[in-house]
Amino acid sequence: MSNRITNFGAGPSALPEEVLIEAGKGLLNFQNTGIGIAEISHRSPEFDKFIREVEENMRTLLQIPHGYKVLFTQGGGTAQFSAVVMNMLAKYRSREGMASDQPIMDYVVTGSWSEKAMKEAKRLGGGTVNVVVNAQTTSVDGKKIFNHIPNHDSYKEKFSQDPALVYYCANETIDGVEFSDDLNSPFSFPFNALPEKAPLVADYSSSFMSRPIPCIERHAVIYAGAQKNIGPAGLTVIIVRDEWANVMDSSIPLYLSYKTLVDSRSLHNTPPVLSIYITGLVLKRMLEVGEQNGKAKEQALGHYAECAYRKASKLYAAIKEGEARGIFKVGGEERLKEFVSGADRRGMKGIKGHRSVGAGIRISLYNAVTEDKVDELIRYMKEFA
Ligand code: PMP
């Protein structure tokens with residue numbers, strides 16, 4: 001019997017136990033090479049074969065169209081805040097008949113992470129930042145908060161005509177708001193409002209591989225850290241359309257350049273071998289679990305989307321029920337502490353809200369958090385109430 005706790009943390013987050021057991025074997029002996037995965041050369045034929053399979057499985061699961069590269073790098077979402085700006089501005093400058101030497105970068109700000117990315121673009125310079133929409137509002141107690149996705153009407157005539165990039169964050173991990181993946185919803189990303197050729201950049205860090213990505217083909221760059229749904233920290237995945245990964249100039253550090261990663265097949269320098277390995281095991285398992293649940297490989301992600309929807313619906317229903325009875329509004333600091341320590345005693349951890357938004361509870365339901373764990377949490381919530 002495992003003595004592992006339930007990890008509701010926002011990232012790094014829970015990984016499937018079966019994968020961790022398998023990874024333990026790989027740490028001692030990677031694919032019968034007699035050498036552990038943390039010790040083997042990233043240039044060995046065995047690892048090269050492995051990383052190609054990781055890419056293939058990711059392509060299958062996400063249904064990534066032809067004409068896109070899948071790149072593996074380090075530095076997390078934070079490095080990409082800078083990398084996207086540098087790569088996209090270089091691409092803009094390389095265009096013939098470039099429209100402006102002060103290119104505009106359009107940022108859709110719906111939470112703390114897109115705000116951080118926008119601030120980094122401002123800091124780096126090389127272009128002008130246009131905040132298309134800023135969803136920040138003031139709460140009843142006077143705090144500046146992000147609590148909603150603006151509807152489609154909010155973007156009318158707000159996008160620039162020829163931007164170097166248009167940026168958004170699909171799921172704001174700190175603030176708990178995300179774009180709907182139902183394109184008929186007014187709270188989906190407003191793909192139809194974009195100028196036809198505007199290069200779209202999306203931070204998918206916290207919803208990556210939990211469900212299909214809508215309109216992949218409309219994006220120039222999609223990136224995500226692995227440490228939520230698919231692996232340990234240390235690996236960042238970039239999905240980039242070919243034409244946005246073929247420029248290089250002296251303004252881009254070699255390491256942050258998409259072209260460097262493309263030309264070296266993600267092996268310009270030593271990659272995060274162990275993170276790639278565990279991610280590879282998670283993806284393989286996702287395909288298997290999908291199959292066990294009657295999904296073809298191409299639809300395996302649908303299984304995870306259904307699970308995520310069920311888990312979230314249950315939890316929201318429990319919260320709503322509590323709110324209706326006035327339970328989750330009363331309390332304050334002391335009650336909150338009591339709730340967290342009670343959960344802790346029951347082996348449920350990682351539920352405290354992000355330090356930047358003050359106190360509160362945050363429950364993250366990544367792929368490896370199983371439905372029975374959500375049921376357990378709901379039982380505790382009711383008991384506590
Ligand atoms: N974007 C989002 C949506 C995130 O959730 C995070 C991390 N939680 C980041 C960016 C930053 O990622 P990293 O810590 O890997 O740099």
Just give me the residues in the range 358-375 being assigned to a helix (DSSP H, G or I), surrounded by 12 or more Cβ atoms within 10 Å (Cβ to Cβ) and out of contact with any strand residue (DSSP E or B) (no Cβ under 7 Å at 6 or more places or on another chain), in sequence order. E371, V374, D375
Return the residues of the range 336-357 that are in contact with a Phe, Trp or Tyr (Cβ under 9 Å, 6 or more places away or on another chain) and either surrounded by fewer than 17 Cβ atoms within 10 Å (Cβ to Cβ) or at pLDDT below 90 (or both); say none if nothing qualifies. E338, G342, R346, K349, V357
Matching entry among V131, V109 (being within 16 Å of the ligand (Cβ to nearest atom), β-branched (V, I, T) and under 27 Å from E196 (Cβ atoms)): V109
Residue list for the range 262-281, filter: on the phi > 0 side of the Ramachandran plot and among the charged types (D, E, K, R): R265
Tell me whether the range 121-130 contains one or more residues that are in the same structural domain as P272 (by the TED database), closer than 20 Å to I216 by Cα and not charged (D, E, K, R). no
Across the range 189-199, what is the number of residues that are touching a strand residue (DSSP E or B) at 6+ places or on another chain (Cβ under 9 Å) and away from the ligand (no atom under 16 Å from the Cβ)? 6
For the range 106-135, the count of residues that are outside any strand (DSSP E or B) and not charged (D, E, K, R) equals 13
Looking at (1) surrounded by fewer than 21 Cβ atoms within 10 Å (Cβ to Cβ); (2) more than 18 Å from the chain's Cα centre (by Cα); (3) over 18 Å from F179 (Cα atoms); (4) more than 16 Å from the ligand (Cβ to nearest atom), find the lone condition where E120 falls short. (4)
The correct count of residues that are within 11 Å of the ligand (Cβ to nearest atom) and over 19 Å from A170 (Cβ atoms) in the range 234-270 is 1
A careful count of residues in the range 46-89 that are under 17 Å from D203 (Cβ atoms) and without any contact (Cβ under 8 Å) to a residue 40 or more places away in the chain gives 1
Selection status of E306, charged (D, E, K, R), more than 17 Å from Y366 (Cβ to Cβ) and free of Cβ contacts under 8 Å to residues at least 40 places away in the same chain: no
How many residues, within the range 220-233, are closer than 18 Å to S114 by Cβ and within 14 Å of the ligand (Cβ to nearest atom)? 6
Here the residues within the range 154-188 that are within 12 Å of S114 (Cβ to Cβ) and either in contact with a helix residue (DSSP H, G or I) (Cβ under 7 Å, 6 or more places away or on another chain) or within 16 Å of the ligand (Cβ to nearest atom) (or both) are Y167, Y168, C169, A170, N171, E172, T173, I174, D175, V177, E178, F179
Please enumerate the residues belonging to the range 13-66 that are of a type in the set (S, T, N, Q), in a helix (DSSP H, G or I) and not assigned by the TED database to the domain that holds L235. Q31, N32
Does V70 satisfy the condition of being in contact with an Asp or Glu (Cβ under 7 Å, 6 or more places away or on another chain) and under 17 Å from P271 (Cα atoms)? yes
Any residue in the range 201-218 that is under 22 Å from A312 (Cβ atoms) sitting within a Cβ distance under 6 Å of a residue that is among the acidic types (D, E) and surrounded by fewer than 22 Cβ atoms within 10 Å (Cβ to Cβ)? List the pairs, counting only those 6 or more apart or interchain. P214/D181
Quick check on the range 136-147. Is at least one of its residues within 16 Å of the ligand (Cβ to nearest atom), over 30 Å from V247 (Cβ atoms), outside any strand (DSSP E or B) and of a type in the set (D, E)? no
Of all residues in the range 200-212 being part of a strand (DSSP E or B) and among the aliphatic types (A, V, I, L, M), which is nearest to the ligand (Cβ to nearest atom)? A202
Might you let me know whether the range 82-91 holds any residue that is in a loop (DSSP other than H, G, I, E, B), more than 16 Å from the ligand (Cβ to nearest atom) and not hydroxyl-bearing (S, T, Y)? no
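The values are calculated or read from the model by the stated rules, or taken from the named source; none is laboratory data. Everything numeric here is computed off the predicted structure, so don't read it as measured data. Positions of Cβ are generated from backbone atoms using ideal geometry, with glycine treated the same way; all protein chains shown enter the neighbour counts.
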